[in-house]
Amino acid sequence: LMGKQYKSSAITRQAICIALKQLMDQKPLEKITISELMDTCGMRRQHFYYYFTDIYDLLRWMLEDEALQLHRTQDGELSGQEGLLRLFRYLDSHRTICLCVLDSLGREHLKQLFEADIRRIVHSTISRVVQENDLPEDLPTEEITTHFLTIALASVVESWLRGEVDQTPEELLRRVNTMFQDYIRGVTLRLTGAAPVGVCR
């Protein structure tokens, strides 16, 4: 019984997500009402609140459910490179939705949706460099380095989404990977005098 209920819940959520995508192709996010959304998917308005608190809660769930399972596969952890490539490919194929979020809500809201996963990927990359170079695990610059690279990556991705950077997801990954390597190599050289081996491998 529990399995059937979960499946029914998942199907309903997906139906609402499909309706949201359809409406986001037509108008800014802030112009979409819950009544219009539920009419589009053929459900009563009150059903929406069984699953979501508001439109933005729905949007967060949709993006997380579809794209932000970046840090896990069936076999365990994704590498930083694999996780970023999966994210870039998702953003590329859902560019209209992401631009709608940017234009409707601003950078901070899109950043909040993706920041946790980007930060996790960046942090895992830095941690690997720390281990490979026998640096102290409590390296004082590790947190600020993670913060800096997360912000830098978010800015690069926004420019790419807006077409200011004309590259495929694979080309963007190579550019970001180089940025990570150069920055972390500089930090490590300053602290130890020895350049790290690979980054985001």
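The values are calculated or read from the model by the stated rules, or taken from the named source; none is laboratory data. This one's a predicted model, so the numbers in the text were calculated from it and none came from an experiment. Areas reflect the complete protein model, heavy atoms only, side chains present, ligands, DNA and RNA absent. Shrake-Rupley method; radii C 1.70, N 1.55, O 1.52, S 1.80 Å.
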Task: Gain upon complete extension [Arg162, Asp65; 0.36 nm per residue less C-alpha separation] - done: 32.6 nm
TODO: Any chance you could look up the accessible area of Ile144 with a 1.4 Å probe, heavy atoms only, rounded to 10 Å²?
DONE: 100 Å²
